[in-house]
Amino acid sequence: MAGDSAESAQTRRYTQNLSRRFQIYRSTSTDPYLNLSIEHHLLQRSHPDSTILFLYTNRPSVVIGRNQNPWLEVNLHALRRGLPQSLSSGREKDSDHGAAGLASSFPVPISLVRRRSGGGTVFHDTGNTNYSVICPPAAFDRDKHAEMVARALLERCGVRGTVRVNERHDIVIDVENEDSDDKVVSAKKVGSSTFKVSGSAYKLTRTRSLHHGTCLLQSENLARVSPLLRSPAEGFIKARGVESVRSPIRNVGVGEEEFVEAVMAEFRKMYGDGAGKSVVVGEDEALANDEVIKGLRELTSPDWIFGQTPQFTFSTHPTEDDPRERPELKQTLPRGFQTHLTIRHGEIQSANVAGLEYPNFIDENSQDAILSKALTHQRLHHIVDWRRTLEDASQIPVEVDQVGKFLNHMFGIQTLTSKGGETVAQTIEKTISDTAVGVFLKRNAINS
């Protein structure tokens, strides 16, 4: 990173425009935690009467809403496996992940991010560009800036189809279906299909309003999004937080630079040339700002990513509060096995595990009760292996292999091997520590 004097100059350049009425910023970083921290700094420190456009692109990431549940919204096993390397993966081949990014035999890591705004879960990669508009509350409208982006796509980028903002404030595209044996010569229209190309989320404060959204441009990973956002525990969890609404998605087929230029042009058309040229925010410049670093530390903390999860229940069988039919359990589980867990902020508040098998012990019910009580206050994202956790909770020998494997699968825990296990918190910490921003945070912690 740059020296102290250079960093001070960069920080002044980054913040000197915050009092202007209209501002445009672009980030050169693809780090999702850093970009959201820059955005949060702009939200907190810009003049209350100003309107800001901020544009950025992230490396592969799953971004959940402020009040969402990662165990419900994300397949943590698929996230751990990462994405296959691609020769045309663009900016994700930069230095974010060091030497691993240069070797095609290594998967591309996927970050898990909890943003500060509400809304549903989205997937980001370098084929997806994000826009953010910060404005006074009196000027806030959920559709206004989504329509700005829709106009940029339709009128400036020439996207085919009908681009519009729907009743959920998403940008969608209506595309005519074509059915033809000869795809070159003739085509028969057989109706149209609607695809989501951009979703939005919001954060409203007393003095400022934030609307940010995605736009699928040329992502190579569309087919991988649905499996990545389908948790194996979905049929067993009842959550109090916001659940995502799934929609068919597609790319608009526009390059990043063309899209960014089009959106900036529409922003200037709305607010006048006073918006001026865009201010480019580099990684070094952003990391010279103490408030940005503070935001980074919060967003990268497992206690934020997992510990902010609203209360939810996990139950293998219908209950009075959640009478849904459950997915069929595997035959390898004990015949009478049932479990009901209440979890708040990642911590088990209550547990009822029944039907475990205790060799050479008759009163299994009493032992189930003792084991269940011992599970309370366990942090779900810090469990290394449910088999070990169940064994430790029991005062006598208990058969836990199949039940432990089942719970590991449900909660995204890597099964223990001879080399040891890995909690979901450790998985996410690893994807962060290998990046340039992760290295900076570790070095900054040592020097502070």
Gyration tensor verdict on segment 371-448 (Cα atoms; rounded if a/c is under 1.5, prolate if a/b is larger than b/c, oblate otherwise): prolate
With a point put 7 Å past each Cα toward its Cβ, work out how far residue 445 is from residue 324 in nm, to one decimal. 3.6
With only alpha-carbon atoms in the gyration tensor, what are the semi-axes of the equivalent ellipsoid for segment 14-305, in Å, largest first? 28, 25, 20
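Do the sum for the chain: with -39,500 (n - 2.57) for every DSSP H run of n ≥ 4, divided by all residues, what is the mean residue ellipticity at 222 nm, to the nearest 500 deg cm²/dmol?
-9000 deg cm²/dmol
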Checking 328, 283, 243 against a Gaussian network model of the chain (alpha-carbon springs below 10 Å), the top fluctuating residue turns out to be 328
Of the cross-linked pairs 196/238; 144/203; 405/430, which ones have a Cα-Cα span greater than 21 Å in the structure shown? 196/238; 405/430
Whether segment 312-415 is rounded, prolate or oblate, judged on the alpha carbon gyration tensor where a/c under 1.5 counts as rounded: rounded
Per-residue HN-Hα couplings for segment 225-233 [Karplus 6.51, -1.76, 1.60; θ = phi - 60°; Hz; x = Gly/Pro]: 5, 4, x, 5, 9, 10, 7, x, 8
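Every number in this text was worked out from the coordinates using simple rules, so none of it is lab data. Worth saying up front: this structure is predicted, and the values here are computed from it rather than measured. Because the Cβ atoms are built from the backbone with ideal geometry, glycine has one as well, and the counts that use them run over all protein chains shown.
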